[in-house]
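For reference, the structure discussed in these notes is given below.
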Amino acid sequence: MPDSDFFLAVELAGTGAHPASWRRRDSRAEDLFTARYWVDAITAVEKAGADAVFLPDSFGLQPGGAATAQGRLDAVAIAARAAAATHRIGLLPQAPVTHTEPFHLSKAIASLDFATLGRAGWEVTVSEGAEQAKAFGRKSPQEPAALWHEADEAVEVVTRLWDSWEDDAEIRDLPTGRFIDREKLHYIDYAGDYFSVKGPSITPRSPQGQPIVAVRADEGPSIQVAVRRADLIRIAPPDLDAAHARRAALRSALLSADRDPDAVRVLIDIDVHLAGTAERAYEELAELDRWSASGTAPRSGAPAATGSVLRHIGTGDSLTELLAAVSDSGAADGVVLRPLAVEATLRHLATAPPAPATTLRERLDLPRPPSRYATIQEGTPS
Amino acid sequence: MSSTKPRKSVHLAAHFPGVNNTTVWSDPASKSQIDFESFVHLARTAERGLFDFFFLAEGLRLREHLGRIHDLDVVGRPDTFTVLNALAGVTEKLGLAGTINSTYNEPFELAKQFASLDHLSGGRAAWNVVTSSDAFTGENFRRGGYLEHSDRYRRAAETVEVARALWDSWPADTLVVDRDAGVFAKDIPETRHRGRQFDIAARFVLPPSPQGHPVLLQAGDSDDGREFGAATADAIFTGHGTLEAGRTFYADMKGRLAKYGRGHDELKILPAATFVLGDTAAEAEERARHIRYQQVGPQTAIAFLEQVWGRDLSGYDPDGPLPDVDPSGDVNITRGRVRHAKDPRAVAEAWRAKAEAENLSIRELIIEVTARQQFVGTPAEVAERIDEYVQTDAADGFILVPHLTPGGLDEFVDRVVPELQERGSFRTEYAGDTLRDHLGLRHPHHRTSVHEGARAS
């Protein structure tokens, strides 16, 4: 694995990003709804020296019908379940904001940060379509612009709540009998188009102050939200030239948005399948594709097994070479490996010497931000 | 003890110390209320003591007093689901119960979160369903938060109904995982619900969890709350302190079960209880007195008084007599916590009379009227008293509320649990793996078939 500050993450999507991955003998598909499956996979990624794991989530079933692995555990729950079994790896569950309450989300991720001593992040997503809207029955399906406008507000609410307790709000002052200094707790008084939230949080400021926020920004209105809000921006370019161009565009957008482009990391997705030899890896991929073609035909909207994304089919060694090349190319600040078949690829990932335990923020070389409310208070007499 | 009835087993659970003045933060042994290590310590102690479950309360808005955030008691708590899932990783058998409000959450999301906790803990999840009609708390949520009082339990009941329908929605043979045929799961049917609160149509995202339904706890004490509990809950979390009050409540709740087609043992009554131990009865009493003074410091005594008087009383001496001015009638002076006085003038008069008759200062009076230590004595005495409550049907067990974080349960587990075991009233090992096993509750799908059988006969 390349060292230095190149960021390496792995996304664990069920038994794999390939819709037929569950059919492999080694897929452990029967265990998909057990803690053991997820803790094993996440600790394997940690042992491989990766910096973080992404955990996809949704309120909808996976498309593709009976021939795909359907069903999913709550991603924040999986991350929390793995907290005590891991020590170094960042945990970035997805959590959609369309039908949920930012107040709950804020304390959930902050609590994950407490349980992991500063390794928590949150990948912001939205819930598209009628199916999930009907599961909540609260509002009609929204257009992407509205979904991401709401997401933008949700991130604002969540990050304000994370700042709503200053770091040293707990004072335990015996003479005055005060457990907290109430001057260091702040109402966020947020009022937007989708939310009005009073605050403060019920959860104190967590080890990272602000857990890491990730946003996928390939197209449409999600790009602006990523530019305004994200510490990590995920993109899925078709090749390294495209990655280069997109990262350059994002960096100039960050500048225009008055943000420091060096304080935001751009990660590119790479679909991966590893085996003992390159030939074997290609054979196994061909088998996965055959299963997909012969299985119950995926319904429209199912993710393609192949497509216009970067992919690497080969061995652990050739992956290491590729990552070094990506790192050298300057096309990205890091990658998110998406194993097409989780068990097979994790087995062939090289193991790395244990990295020192740090916060996810430190691993990303991002400073721990002070509470925005503490800054406002500076200089005012108490 | 009557020998006509078989000895009942005592059920015990551990409450993580809450955010009120019963939790003593000023003690040198008091550690963090928020660091994960504190939760790990209490949960592992409870599991070492073979307790049924760990219990986490919830609050969704910081309390205010005199228009500002209340600063005298412990403040700050984590997210219920995150902590319980994380604790599932450091315990093996212990049930994991959490309070989740049914007013500020949506049933589909709750069903997914509780089913996930049940899967990830191997069948140890429990949900303490609470309701709110509190616009103050609602200001933190997009719903804006106000639900008419009469709608609280309607929404709670519908929330549970939808969650249970979703938990049951994958037929038993749905999950196939047939690699050769290429079938992972058969068709997952859509669950439809149209009620006064929700209009929902959804396919659920998880197969049935180890317990079928996570265990349902309920804590409301109004008539609506009791009916909801009798119809719905697996266990009731109450606050009836005395033996007499306990027996009355116990008989009332168990009596309500029949009309819902439920058996006597399908609902466990688990009051909250505090305890103080000592090597002698006198030492326990002395420790209890010391703890009461820790719980009600001078500033806390004044704050309690201000709740009833509805005005700033900071000029009064906590060690002096009660104010002779009358309450203002402002009952909203403290928000986000249960109010102590429905009729402040009557309370003030009663307190003045008591203070005068017993020659009590403000602080002494507040200690007298708020003290809730239930089991005070030697380990043998406390064990005997707990057992008496259970064997005489005042309770099925207790949810113990220690006053110290996180070591407040250590001594109980080390000294009282062996006494209970010696009396034959408490398990010496876990008999099963799930919380339903610990509580002696049937799997919900068995319950359904039992009812069908009962109706047919």
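The values are calculated or read from the model by the stated rules, or taken from the named source; none is laboratory data. Because the structure is predicted, anything quoted here is derived from the model rather than measured. Cβ: placed from backbone, ideal geometry, glycine included. Neighbour counts: every protein chain shown. In case anyone asks, the SASA skips ligands and DNA or RNA and just uses the protein heavy atoms, side chains included. Shrake-Rupley method; radii C 1.70, N 1.55, O 1.52, S 1.80 Å.
For segment B:262-277, does any single residue satisfy the condition of being modelled with pLDDT under 95, open to solvent by 30 Å² or more (accessible area, probe 1.4 Å), charged (D, E, K, R) and not in a loop (DSSP other than H, G, I, E, B)?
The answer is yes; a qualifying residue exists.
A:R81 versus (1) charged (D, E, K, R); (2) at the interface with another protein chain (Cβ under 9 Å from one of its Cβ atoms); (3) more than 18 Å from the chain's Cα centre (by Cα): which is the lone unmet condition?
It fails just one condition, (3).
When you scan segment B:19-65, how many residues do you find that are facing chain A (nearest Cβ under 9 Å) and more than 19 Å from the chain's Cα centre (by Cα)?
6
What do you reckon, is B:G329 touching a helix residue (DSSP H, G or I) at 6+ places or on another chain (Cβ under 8 Å), in contact (Cβ under 8 Å) with a residue 12 or more places away in the chain, closer than 30 Å to B:D224 by Cα and open to solvent by 20 Å² or more (accessible area, probe 1.4 Å)? Full working, then the answer.
Numbers: touching a helix residue (DSSP H, G or I) at 6+ places or on another chain (Cβ under 8 Å): yes; in contact (Cβ under 8 Å) with a residue 12 or more places away in the chain: yes; closer than 30 Å to B:D224 by Cα: yes; open to solvent by 20 Å² or more (accessible area, probe 1.4 Å): yes.
Considered against the rule, which asks whether it is touching a helix residue (DSSP H, G or I) at 6+ places or on another chain (Cβ under 8 Å), in contact (Cβ under 8 Å) with a residue 12 or more places away in the chain, closer than 30 Å to B:D224 by Cα and open to solvent by 20 Å² or more (accessible area, probe 1.4 Å), B:G329 comes out as yes.
Before we move on, is A:D26 of a type outside the set (A, V, I, L, M, F, W, C) and farther than 17 Å from A:V335 by Cβ?
So A:D26 passes the test.
As an exercise: evaluate B:I236 against (1) assigned by the TED database to the domain that holds B:I386; (2) open to solvent by 10 Å² or more (accessible area, probe 1.4 Å); (3) not aromatic (F, W, Y) and give the number of the one condition it does not meet.
(2)
One line per residue, one yes/no per condition, for (1) facing chain B (nearest Cβ under 9 Å); (2) of a type outside the set (D, E); (3) surrounded by fewer than 20 Cβ atoms within 10 Å (Cβ to Cβ); (4) out of contact with any Asp or Glu (no Cβ under 9 Å at 6 or more places or on another chain):
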{"residue": "A:F103", "(1), (2), (3), (4)": "yes, yes, no, yes"}
{"residue": "A:S106", "(1), (2), (3), (4)": "yes, yes, no, no"}
{"residue": "A:R119", "(1), (2), (3), (4)": "no, yes, no, no"}
{"residue": "A:S127", "(1), (2), (3), (4)": "no, yes, no, yes"}
{"residue": "A:A130", "(1), (2), (3), (4)": "no, yes, yes, yes"}
{"residue": "A:P144", "(1), (2), (3), (4)": "no, yes, yes, no"}
{"residue": "A:L147", "(1), (2), (3), (4)": "no, yes, no, no"}
{"residue": "A:A151", "(1), (2), (3), (4)": "no, yes, no, yes"}
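Residues are listed down the side, and each one gets a yes or a no for (1) more than 9 Å from chain B (Cβ to nearest Cβ); (2) within 24 Å of A:K198 (Cα to Cα); (3) modelled with pLDDT under 95; (4) open to solvent by 10 Å² or more (accessible area, probe 1.4 Å):
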| site | (1), (2), (3), (4) |
| --- | --- |
| A:V53 | yes, no, no, no |
| A:S58 | no, no, no, yes |
| A:T98 | yes, yes, no, no |
| A:L112 | no, yes, no, no |
| A:V124 | yes, yes, no, no |
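I need the helices (runs of 4 or more DSSP H) fully contained in segment A:4-116, keeping only those with at least 3 residues that are free of Cβ contacts under 8 Å to residues at least 24 places away in the same chain.
The qualifying helices (runs of 4 or more DSSP H) are A:35-47.
Provide a single number: the residues in segment B:73-122 that are in a loop (DSSP other than H, G, I, E, B), in contact with a Phe, Trp or Tyr (Cβ under 8 Å, 6 or more places away or on another chain) and more than 9 Å from chain A (Cβ to nearest Cβ). Reasoning before the result, please.
Step one: list which residues in segment B:73-122 are in a loop (DSSP other than H, G, I, E, B), which gives B:73-79, B:89-94, B:102-106, B:121-122.
Going one step further and asking which of them are in contact with a Phe, Trp or Tyr (Cβ under 8 Å, 6 or more places away or on another chain), we end up with B:73-76, B:78, B:91, B:93-94, B:104, B:106.
In the following step, the residues that additionally are more than 9 Å from chain A (Cβ to nearest Cβ) were identified as B:91, B:93-94.
The total comes to 3.
Using the structure shown, decide if A:V197 is within 24 Å of A:D113 (Cβ to Cβ), away from chain B (no Cβ under 14 Å) and of a type outside the set (K, R). Even if it seems obvious, please write down each step before you answer.
On the way: within 24 Å of A:D113 (Cβ to Cβ): yes; away from chain B (no Cβ under 14 Å): no; of a type outside the set (K, R): yes.
Spelling it out, it is not the case that A:V197 is within 24 Å of A:D113 (Cβ to Cβ), away from chain B (no Cβ under 14 Å) and of a type outside the set (K, R).
Being aliphatic (A, V, I, L, M), assigned to a helix (DSSP H, G or I) and touching a Pro at 6+ places or on another chain (Cβ under 7 Å), is that true of even one residue in segment A:162-182?
no
Yes or no, residue by residue, for (1) open to solvent by less than 30 Å² (accessible area, probe 1.4 Å); (2) in contact with a helix residue (DSSP H, G or I) (Cβ under 8 Å, 6 or more places away or on another chain); (3) within 12 Å of B:V413 (Cα to Cα):
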site	(1), (2), (3)
B:K8	no, yes, no
B:A14	yes, yes, yes
B:G18	yes, no, no
B:W25	yes, no, no
B:K31	no, yes, no
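Is it the case, given these coordinates, that A:I171 is within 13 Å of chain B (Cβ to nearest Cβ), closer than 29 Å to B:D27 by Cα, open to solvent by 10 Å² or more (accessible area, probe 1.4 Å) and touching a strand residue (DSSP E or B) at 6+ places or on another chain (Cβ under 7 Å)? I'd like the intermediate steps shown before the answer.
Details: within 13 Å of chain B (Cβ to nearest Cβ): yes; closer than 29 Å to B:D27 by Cα: yes; open to solvent by 10 Å² or more (accessible area, probe 1.4 Å): yes; touching a strand residue (DSSP E or B) at 6+ places or on another chain (Cβ under 7 Å): yes.
Here the answer is yes, as A:I171 does meet what is asked.
So which of B:G315, B:G320 is surrounded by fewer than 20 Cβ atoms within 10 Å (Cβ to Cβ) and at pLDDT below 95? Quick ask: steps written out before the conclusion?
Details: B:G320 fails: at pLDDT below 95.
Criteria check complete, one pass: B:G315.
Test A:A35 against the stated conditions and say whether it is within 10 Å of another protein chain (Cβ to nearest Cβ), farther than 19 Å from A:V215 by Cα, surrounded by fewer than 24 Cβ atoms within 10 Å (Cβ to Cβ) and not hydroxyl-bearing (S, T, Y).
Yes.
Look at segment B:278-305 and say how many of its residues are within 14 Å of chain A (Cβ to nearest Cβ) and open to solvent by 10 Å² or more (accessible area, probe 1.4 Å).
9
Look through B:L206, B:L147 and report the one residue that is under 28 Å from the mean Cα position of the chain (by Cα) and within 9 Å of another protein chain (Cβ to nearest Cβ).
Just one listed residue meets the conditions, B:L206.
Counting only residues that are open to solvent by less than 10 Å² (accessible area, probe 1.4 Å) and closer than 15 Å to A:A41 by Cβ, which one in segment A:67-76 is nearest to the other protein chains (Cβ to nearest Cβ)?
A:L73
Just to be sure, is B:V74 β-branched (V, I, T), closer than 14 Å to B:G408 by Cα and either open to solvent by less than 20 Å² (accessible area, probe 1.4 Å) or free of Cβ contacts under 8 Å to residues at least 60 places away in the same chain (or both)?
No, not satisfied.
Do we have B:T91 as within 23 Å of A:T116 (Cβ to Cβ), free of Cβ contacts under 8 Å to residues at least 12 places away in the same chain and in contact with a Ser or Thr (Cβ under 9 Å, 6 or more places away or on another chain) here?
no
Which residues, taken from segment A:195-240, are part of a loop (DSSP other than H, G, I, E, B) and either under 17 Å from the mean Cα position of the chain (by Cα) or among the acidic types (D, E) (or both)?
Within segment A:195-240, A:Q208, A:Q210, A:P211, A:A217, A:D218, A:E219, A:A230, A:D231, A:A236, A:D239 qualify.
For segment B:33-64, how many residues meet the condition of being open to solvent by less than 40 Å² (accessible area, probe 1.4 Å), more than 25 Å from B:V382 (Cα to Cα) and not hydrophobic (A, V, I, L, M, F, W, C)?
7
What strands (runs of 3 or more DSSP E) completely inside segment B:132-225 contain at least 3 residues that are surrounded by fewer than 22 Cβ atoms within 10 Å (Cβ to Cβ) and without any contact (Cβ under 8 Å) to a residue 60 or more places away in the chain?
B:175-178, B:191-194
Hey, can you tell me all the residues within segment A:77-120 that are of a type in the set (D, E) and within 16 Å of B:L87 (Cα to Cα)?
Taking segment A:77-120 as the starting set, the residues that turn out to be of a type in the set (D, E) are A:101, A:113.
Correct list: A:D113 only.
For segment B:403-417, enumerate the residues that are touching a helix residue (DSSP H, G or I) at 6+ places or on another chain (Cβ under 7 Å), crowded, with 24+ Cβ neighbours inside 10 Å and closer than 23 Å to B:D73 by Cβ.
The answer is B:T405, B:P406, B:L409.
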